[in-house]
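For reference, the structure is listed below as C-alpha cells.
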Amino acid sequence: MQNEVYSTWLEVDLEAIRNNVRQISKISQTQVMAVIKANGYGHGAEAVARAALQAGAAWCGVARIEEALALREAHINGNLMVLGFTPPACIPQAIEKHISIAVYDWNMARKYLQYAQKTGGQLKLHIKVETGMGRLGMQADEVPAFIQWACRQPQFMLEGIFTHFARADEPHVTSAKDQVDRFNHVLAVLNADGICPPIKHAANSAALFNLPEAHYDLVRPGIAMYGLNPSAGTILPDHFKPALTWKAQITSIRMMPPGHGISYGHLYITAKDERIGVIPIGYGDGFRRLNGQKVLVHGQVTDVIGRVCMDQSMIQLDALPEAVVGDEVVLLGRQGKQSITAEDLAARWGIVNYEVVCGLMDRLPRIYFNE
Ligand SMILES: *Cc1c(COP(=O)(O)O)cnc(C)c1O
C-alpha cells in the first residue's frame, strides 16, 4: 500500500494476528491470554487486543496497570490481567475496571487488602509462584498459607495461580521441566488442602511449543502471536505469519560528485559520481545507529551508507537508476522476492527480535489492515 500522508509508517496485518491466535489455540487446546505489553510488542496494543479477542483469545495480559487502564479506556472489555507489579494505590482502579492483578508478596497483599477494604468490591488475584525465574514470585513453600489467608478475605477473589519460565526456549528444556515439577508440587500441596485455583498458567510462547505439560488452563503467548520466533532454537511452524511491515518513502535523490562526505562524521565518502537517496527514518524511530544496515528498494537489497541520523538515513542507489523520489522502501518485511525479518535486524543489531519490535517508537504511525 502506498499512503499519501506519511513518510514512514508501520503496516500491521491484523488477520496475521488472528491467524496466529487460532494456531496457538489449536496447539494448546486451552484458553489464550494474548500478551500485549509494551504497546503490543510495538504493533499497537489496542488493535492487537481487539484482533486477538476476535480470534478467540479469552484474556489480554499486560505488564503494568497503566497499560490495562488504557485498554479499558479504548473499550476493550475482555478479561485483563497485569502480569507485573501493581502499586497498592492503583488497587481501587483495578477493582473498578475489573482488572486482575498478580500478587507475589505478603506485605504487598496486605496493602492491597487495605485499599480493597476502603474501596469495597472484590480484587481478582493471580498468585505468582517462584519456580526458577528468579524475578517476581512467592517462594513455593509460602504459597499454601498465603492462599488460605487470601481465601478468607472477602475483598479478594483467588482467580489464578501462575509462574514464568526462564529457559523454555532452549533445545534441552531440563530447566523448564524442573520449573514445571516445582509448580506441580505447589499445586499438589494446595490440592491436598482442598484448594484449586481456577486458572493455572505458565506457558510463554516457547513453552507453548516445547513444553506441552506446561499448558495447564491457559497459555500466555507474546512473541508467537506476532508471528516472530521465540528464539533461534525455537522457530515458529510455517503457518504462523509475521504481522508487521515497516515502510518509508524515498524523500530525496541526488547525484553526488566524487569525494563527497555523507552524513555526520563523513564516515562514507563517495568514490565516484554516486546516486544517493535519503529515507526519513533514523534512530529516533527505533532504527539503530550502526554501520552495515540494509533496506529493500524495488525488491533489491540496498545499502544504508554513512551514519544513521535521528530522523534520516542515506541509501546507495547506483544499482537502481529507476528509483525515484516517493518510491517505497521496506525496512522490515517483504518487498518482491526479498524480505528483511525482525530476526535479520536482530542479528545485524546484536539484539533479539523482541527488542527490534518493542523499540519501534510511538511516533511511527501504525496502519492496520484486515480490521
Ligand atoms: C512477556 C511475558 C509473556 C510472553 O512471553 P513471550 O516470550 O513473548 O511469549 C508471558 N508471561 C509473562 C509473565 C510475561 O512477562
Point-charge dipole on Cβ atoms (K/R +1, D/E -1) for the stretch 89-180, about Cα centre, debye to 20: 380 debye
Scattering profile of the stretch 34-107 at q = 0.12, 0.15, 0.16, 0.18 Å⁻¹ [log10 I(q)/I(0), Debye over alpha-carbon scatterers]: -0.28, -0.44, -0.50, -0.62
Taking the square root of 5λ for each eigenvalue of the C-alpha gyration tensor of the stretch 248-359, the equivalent ellipsoid has semi-axes, largest first and in whole angstrom, of 23, 17, 11
Environment charge at Val325 (Cβ cut-off 13 Å; Lys +1, Arg +1, Asp -1, Glu -1): -1
Whenever you get a sec, line up Leu113, Leu136 from highest to lowest accessible area (probe 1.4 Å, protein heavy atoms). Leu136, Leu113
With point charges of +1 on the Cβ of Lys and Arg and -1 on the Cβ of Asp and Glu, referenced to the Cα centre of the chain, which listed residue (Leu236, Asn39, Ile161) lies farthest in the positive direction of the dipole? Ile161
Averaging the inverse of every distinct alpha carbon separation and then flipping it gives the Kirkwood radius. What is it for the stretch 19-71, in angstrom units? 11.0 Å
For the stretch 1-151, what's the radius of gyration and Dmax over Cα atoms, in angstrom? 17.7, 61
Using alpha-carbon coordinates, inclination of helix 174-192 to the longest axis of the chain, degrees: 30 degrees
In nm², what is the average projected area of the convex hull enclosing the Cα atoms of the chain? 19.9 nm²
Spatial separation of Cα centroids for the stretch 329-371 and the stretch 5-35, in angstrom: 15 Å
Step through the table entries Lys97/Lys118; Lys37/Lys118; Lys200/Lys241; Lys97/Lys124; Lys124/Lys200, compare each Cα-Cα distance with 20 Å, and write down the pairs that go over it. Lys37/Lys118; Lys200/Lys241
Return the distance in nm (one decimal) between the two label points of a simple spin-label model at Cys196 and Arg363, each offset 7 Å from Cα along Cα→Cβ. 5.5 nm
Selection from Leu190, Ile279, Phe85 lying farthest towards where the dipole of the chain points positive, charges on Cβ: Leu190
Charge-dipole axis of the stretch 40-192 as Lys and Arg at +1 and Asp and Glu at -1 on Cβ define it, positive-most pick from Ala176, Thr119, Ala68: Thr119
To the nearest Å, what is the center-to-center distance of the stretch 89-104 and the stretch 228-268, using C-alpha atoms only? 41 Å
Helix 45-54 axis, angle to the chain major axis (alpha carbon atoms, nearest 10°): 60 degrees
The long-range amide H neighbours of Gln300, using H built 1.01 Å from N in the peptide plane and a cut-off of under 5 Å, are none
Sort 271-280, 114-123 by the packing proxy (mean of other Cβ within 10 Å over each peptide's residues), most packed first. 271-280, 114-123
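The values are calculated or read from the model by the stated rules, or taken from the named source; none is laboratory data. Model, not experiment: these values are computed from the prediction. Heads up, the Cβs are rebuilt from the backbone with ideal geometry, glycines too, and the neighbour counts pull from every protein chain shown. Protein only, heavy atoms only, side chains kept; ligands, DNA and RNA dropped before computing areas. Shrake-Rupley method; radii C 1.70, N 1.55, O 1.52, S 1.80 Å.
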